[in-house]
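What follows is a set of notes on a single structure, which appears directly below.
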Amino acid sequence: MERDVRTTPPPLRWVGLAFLCVLTGYFALCANAILRSFDTPFGRDHYWATWMGSWWMFTNRTKQNTAVELEAERVGQWEPVDAAELFPTRWESGLRFERPYFRMSGHLTAALAQATCRRLEKAGTPSDAVRVNEVRWAKTLGSAEQPRGSDAAVKVLLDFRCSDTVPLPAKGPF
């Protein structure tokens, strides 16, 4: 009897089967995470655990709209800042700093606040401090227009004094 060397050895077949079962379970967890928003305390604290289910290329499958708003403090009063005018570069999905990874990074948010202070000063309207807010409201299903409802929740991501500085990456040779 001649042995076929092209197939998996019998003892490793069980290891391969176990691996496929674990992988199938993980894919089921990721599918559940994306279809049900995985909005549990564990899901919010460990969003990285189901990265395969929360990754998107063209569509964002959430039940909420999220926007980042900037405010500037001048003489003790907070005034809204038009972020689109101050930072005109946009992607098709919106302003660059509205992406989830940007909002989750304290360092990137601080760099945005520092840039806001500097650009307001260049524009002739200096401020004492900048506040970065995250605003969330429910999506309107079946509609391209997503007006902000009265249920909008505002979360302060950062209060930044314009006298403070944040270390930025070194400039490259170009």
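Here are the numbers for the structure shown:
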| read-out | value |
| --- | --- |
| Test: residue in the range 126-137 that is within 23 Å of the chain's Cα centre (by Cα), under 30 Å from HIS46 (Cβ atoms), of a type in the set (S, T, N, Q) and surrounded by fewer than 13 Cβ atoms within 10 Å (Cβ to Cβ) | no |
| Candidates ARG119, ARG96, ARG74, ARG161, filtered to the one that is under 28 Å from TYR47 (Cα atoms) and among the basic types (Lys, Arg) | ARG96 |
| Among the candidates VAL166, VAL154, residue that is within 18 Å of LEU70 (Cα to Cα), modelled with pLDDT under 90, outside the structural domain of TRP48 (by TED's automatic domain parsing) and of a type in the set (Val, Ile, Thr) | VAL166 |
| Index of the failed condition, SER143 passing every other in (1) touching a residue at least 40 places away in the same chain (Cβ under 8 Å); (2) more than 14 Å from GLU69 (Cα to Cα) | (1) |
| Residue count, the range 97-123 (criterion: under 13 Å from PHE87 (Cα atoms) and either outside any helix (DSSP H, G or I) or outside the structural domain of LYS155 (by TED's automatic domain parsing) (or both)) | 1 |
| Search result, residues across the range 146-162 that are in a loop (DSSP other than H, G, I, E, B) and touching a residue at least 24 places away in the same chain (Cβ under 8 Å) | GLN146, ARG148, CYS162 |
| Meets criteria (on the phi < 0 side of the Ramachandran plot and either at pLDDT below 75 or surrounded by fewer than 17 Cβ atoms within 10 Å (Cβ to Cβ) (or both)) for TRP48 | yes |
| Cβ pairs under 7 Å, 6+ apart, first in the range 124-138 and closer than 17 Å to GLU69 by Cα and outside the structural domain of GLU79 (by TED's automatic domain parsing), second at pLDDT below 90 and not in a strand (DSSP E or B) | none |
| Filtered residues of the range 11-41 (kept if among the hydrophobic types (A, V, I, L, M, F, W, C), in a helix (DSSP H, G or I) and modelled with pLDDT under 90) | LEU12, PHE27, ALA28, LEU29, CYS30, ALA31, ALA33, ILE34, LEU35 |
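The values are calculated or read from the model by the stated rules, or taken from the named source; none is laboratory data. Being a predicted model, the structure only gives us computed values, none of them experimental. No Cβ is skipped: glycine too gets one built from the backbone with ideal geometry, and neighbour counts run over all protein chains shown.
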